[in-house]
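**Student:** Dropping the structure in here first, questions after.
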């Protein structure tokens, strides 16, 4: 009842918004009405970072120049911080309200290799050492990162590399040799004699300090590249975000978020290299983006446990005209979504070469609820694993394994995967069509596949602990056998699916 009342109130607010926006062009032919994003505007005042002593040689530390430019502009009421053509090396940049960080064509913001610049001076929550994102803001209104330039996090000097992950046909790629040439630390990873390389104790002549006592402790300090939290009216437009130490773009607890024509790019082997990870965001547009990354592509998150609930559901999302190439998942929910997912539409997208096409993963302790999730007019090509994947025991599985979790207690943030519609989707040359594993006592349920066509998939469907899964107007060429366990009320074009 509470969710229904909340939906009615939010929908009423959406319908009451009559102001025209340049983003309204995206909100056509939608299966349900959702609240539209509103344009973010900034004062016309502008300053150039070169005025504050920044040097575009890729070597000079410009951290203080960025800080001075933002402070000066903020004192005038805000506007645009212009980053002109050149390579501008810097430590963390803290944005303020009414500030647009504008990267001109040919400009690169290069994250400094001096890891000490990123370490927070203190952490009041738990006292442990953590690092700031290269570009960050908190509790602000009207934040922009725009232009045609590049934000490069120099992630290679931060990320570990798993030898087993990168080996191909018994051979190690050039990236492994490049890592070893930097020095660093090798540690066995427990997999048949393989090792993990850590960028810890790098060669002294590189001038890259350790910031923790052990490789494992430093690994836990890797920063996000762009992180904006607890803010309102955020626009990220046109820029390329690349080579993050960890996650690339993490907007968290934002009201009114626009991510348009953004490119996210990093190596496929980049550990935890998620591209776009909004969490507990209310009203958002992700349009015209291109992604190549080392982990999930467009990943919806909703917090863990009661904190996620308190932050509210991730709601009123339109994800359209986006392309995801190499990634663990094209469109993803999870693994944390305790706050819930509500009115999310993914349309007119292409996923080409991702490990999984549509990936929904969670576990007891971090799950939530879903309402009105639509994926429509999507093409998925060359998917390495499954086109559609639901898993409710993701975080609990042993290494190398997976399976349903046996539980009768559904009160502690268990994942409830339901209320999904997949419409007019073409899948070509995947390994598996559908892979679903729910929970005993809490199956994946009420999922509609309407007008989904599979060509050349090598395996059929595996469905375990699921109910009310309906396939209508669907086809699979050539036809495949399916493995179904602990499930009921499954239908394929009007007939029982057994």
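Taken together, the values in this text are just the output of simple stated rules run on the coordinates, not laboratory data. The structure displayed is predicted, hence computed values, not measured ones. Virtual Cβ from ideal backbone geometry, glycine too; neighbours counted across all protein chains shown.
**Student:** Rank these for me by crowding, 42, 420, going from fewest to most other beta carbons within 10 Å.
**Tutor:** Fewest-to-most Cβ neighbours within 10 Å comes out as 42, 420.
**Student:** How compact is the chain by the rule of thumb for globular proteins, expressed as Cα Rg over 2.2 N^0.38 Å?
**Tutor:** My calculation over the Cα atoms of the chain gives 0.99.
**Student:** If you don't mind, another one. Where does the chain land at 222 nm, in deg cm²/dmol rounded to the nearest 500, when only DSSP H runs of n ≥ 4 count, each adding -39500 (n - 2.57), divided by all residues?
**Tutor:** -3000 deg cm²/dmol
**Student:** If you don't mind, another one. What is the distance in Å between the Cα centres of the stretch 321-392 and the stretch 226-250?
**Tutor:** The stretch 321-392 and the stretch 226-250 have Cα centres spaced 20 Å from each other.
**Student:** Please state the shape class of the stretch 237-319: rounded when a/c is under 1.5, otherwise prolate if a/b exceeds b/c and oblate if not, all from the C-alpha gyration tensor.
**Tutor:** oblate
**Student:** If you don't mind, there's one more thing I want to ask. Taking the number of other C-beta atoms within 10 Å as the exposure measure, put 413, 390 in order starting with the fewest.
**Tutor:** Taking fewest neighbouring Cβ atoms as first place, the list is 413, 390.
**Student:** Say each of residue 187 and residue 205 gets a label point 7 Å from the Cα, pointing the same way as Cα to Cβ; how far apart are those two points in nm?
**Tutor:** 2.8 nm
**Student:** Here is a further query. Calculate how many DSSP beta bridges within the chain are antiparallel, expressed in % of all such bridges and rounded to the nearest 5.
**Tutor:** The answer is about 10 percent antiparallel.
**Student:** Now a separate question. Would you please give the FRET efficiency between residue 217 and residue 177, computed as 1/(1 + (r/R0)^6) with r the Cβ-Cβ distance and R0 = 22 Å, to the nearest 0.05? Please report the intermediate quantities before stating the final value.
**Tutor:** Numbers: r = 26 Å, r/R0 = 1.20.
The value I calculate is 0.25.
**Student:** Quick one: Cα centre-to-centre distance for the stretch 30-47 and the stretch 48-80, in angstrom?
**Tutor:** Value for the Cα centre distance between the two parts: 26 Å.
**Student:** Determine the relative contact order of the chain: mean sequence separation of Cα pairs under 8 Å and six or more apart, normalised by residue count, in whole percent.
**Tutor:** 8 percent
**Student:** How would you order 459-468, 485-494 from highest to lowest mean count of nearby Cβ atoms within 10 Å? Please list the in-between numbers first.
**Tutor:** Numbers: 459-468: 20.6, 485-494: 14.2.
Those peptides, ordered most packed to least, come out 459-468, 485-494.
**Student:** Note the angle between two axes, namely the Cα long axis of helix 63-75 and the longest principal axis of the Cα atoms of the chain, as a number of degrees from 0 to 90, rounded to the nearest 10.
**Tutor:** 80 degrees
**Student:** Please arrange 166, 379, 434, 81 by how many other C-beta atoms lie within 10 Å of their C-beta, fewest to most.
**Tutor:** Lowest to highest Cβ neighbour count: 379, 166, 81, 434.
**Student:** Pop the C-beta distance of residue 28 and residue 114 into the FRET formula with R0 = 45 Å and round what comes out to the nearest 0.05.
**Tutor:** The pair residue 28/residue 114 has a calculated efficiency of 0.40.
**Student:** Rg to Rh ratio, the stretch 160-217, alpha-carbon atoms and Kirkwood radius?
**Tutor:** That ratio equals 1.00.
**Student:** By how many nm would the segment from residue 164 to residue 440 grow when fully extended, if each residue of separation counts as 0.36 nm and the alpha-carbon distance is taken off?
**Tutor:** Stretched fully, the residue 164-residue 440 segment lengthens by 96.0 nm.
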